[in-house]
Amino acid sequence: MSGKILVVGAAGQIGTELVLKLRDQYGDNNVVASDIKTPGYEVFEGGPYEILDILDLKRLNHIVSKHNITQVYLLAALLSSTAEQNPGFAWNLNMNGLLNLLNMARKNKIEKIFWPSSIAVFGPNSPKEMCPQYTITEPNTVYGISKLAGERWCEYFFEKSDVDVRSIRYPGLIGWKSQPGGGTTDYAVHIFHKALKDRHYTCYLKEDSFLPMMYMDDAIRATIELMEAPKEQIKIRSSYNIAGMSFSPKEIASEIKKRIADFKISFDPDHRQSIADSWPSSIDDSLARQHWLWEAHYDLPKMVDVMLKNLQFN
Ligand code: NAD
Ligand code: AKB
């Protein structure tokens, strides 16, 4: 690596874990964390940190040249549930943040960009089970529309300007080091905190709402593996499907109950139910497996074990 890495949105659910892993791998001083808010202690104290609003192009340019940045991971976005509360703002952040970075990369010496898409690019007309890489993508949320447009821009900048941008359609992510930030799949993190604290959780999705999910360690490993793969192995420049596990609130609750016998769940679906209903239940990730040898390591029981173990002692 000729220069340093910049992570934008480093205080969030993924950013917190990604910065720590990247610093382990490439050295603390080689990974600059940035966000509009102050991150948790470990990210803030563990290496360089800059306040950065991704919509402020002048400051982005300044930070890139100040730290000799050659790779950027762009995580700043509004997620599915929050985006529906403020569609105009979500569109501006999710779209213009990405366009600022892609345009800058075309002119500067940025070697690689990572930008995450989501299973939200799929919509009610996409196949529910084992949703393929190439299929109907007609999202009906502003978040999904912004992710689909983002994918098209990534491919466009790669084709027309040789910007080496790489992307994954993350499923719902579950980790214990950070809290989720306003998505529809957040329940799968909240449920652990409430199980340990109150022995009860009221879920905002129906008991049989199956969604694609992934343990955070798998997601972070996928991200770094994709970024480290030789350029010729990356044959999809929009965004790759990846899969970890698929479960419903009832199934995760019953796995938790096997370990916390007096845990109870109840259901009170809200506006997030219609978002969940529009997404697939499971994902076909065969192309990621073929192209850059992606493989998930965590299934539901293993993820529940590790979540409870770590949350109990932290
Ligand atoms: P998050 O909401 O937890 O974190 C986003 C971070 O971006 C926050 O710390 C926020 O302060 C920061 N931010 C907001 N506006 C900013 C701005 N203008 N400039 C700089 N920083 C800004 O989100 P996350 O869960 O960590 O998601 C990161 C990315 O991954 C997003 O693009 C999201 O769509 C995508 N993704 C996440 C999941 C998931 O389950 N977490 C699934 C699919 C895709
Ligand atoms: C959300 O629920 O919005 C995210 C996602 C799947 O993109 N977790």
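The values are calculated or read from the model by the stated rules, or taken from the named source; none is laboratory data. This is a predicted model, so every value here is computed, not measured. FYI the Cβ positions are ideal-geometry reconstructions off the backbone, even for glycines, and counts take in every protein chain you see. These accessible areas exclude ligands, DNA and RNA; they are computed on the full protein's heavy atoms, side chains included. Shrake-Rupley method; radii C 1.70, N 1.55, O 1.52, S 1.80 Å.
General observations
- Residue satisfying all of: in region 31-41; without any contact (Cβ under 8 Å) to a residue 40 or more places away in the chain and of a type outside the set (K, R); surrounded by the fewest Cβ atoms within 10 Å (Cβ to Cβ) among these: Y41
- Verdict on D217 being closer than 24 Å to A261 by Cβ, open to solvent by 10 Å² or more (accessible area, probe 1.4 Å) and either touching a strand residue (DSSP E or B) at 6+ places or on another chain (Cβ under 6 Å) or more than 8 Å from ligand 1 (Cβ to nearest atom) (or both): no
- When region 246-257 is filtered for residues that are open to solvent by less than 50 Å² (accessible area, probe 1.4 Å) and part of a helix (DSSP H, G or I), the ones remaining, listed by number, are P249, I252, A253, E255, I256.
- Test for Q85: is it open to solvent by 50 Å² or more (accessible area, probe 1.4 Å) and either modelled with pLDDT of 95 or more or not polar (S, T, N, Q) (or both): yes
- Among the residues making up region 1-54, those that are in a strand (DSSP E or B) and over 15 Å from the mean Cα position of the chain (by Cα) are K4, I5, L6, V31, V32, A33, S34, D35, Y49, E50, I51.
- For region 55-82, the set of residues classified as buried (at least 21 other Cβ atoms within 10 Å of the Cβ) and either outside any strand (DSSP E or B) or near ligand 1 (Cβ under 8 Å from one of its atoms) (or both) consists of L60, V64, L74, L75, A76, A77, L78, L79, S80, S81, listed by residue number.
- Answer residue from region 88-139, given it is loosely packed, with under 15 Cβ neighbours inside 10 Å and within 16 Å of ligand 2 (Cβ to nearest atom) and is nearest to S2 (Cα to Cα) among those: F89
- Restricting region 258-313 to residues that are open to solvent by 50 Å² or more (accessible area, probe 1.4 Å) and aliphatic (A, V, I, L, M), the residue that is farthest from C131 (Cα to Cα): A261
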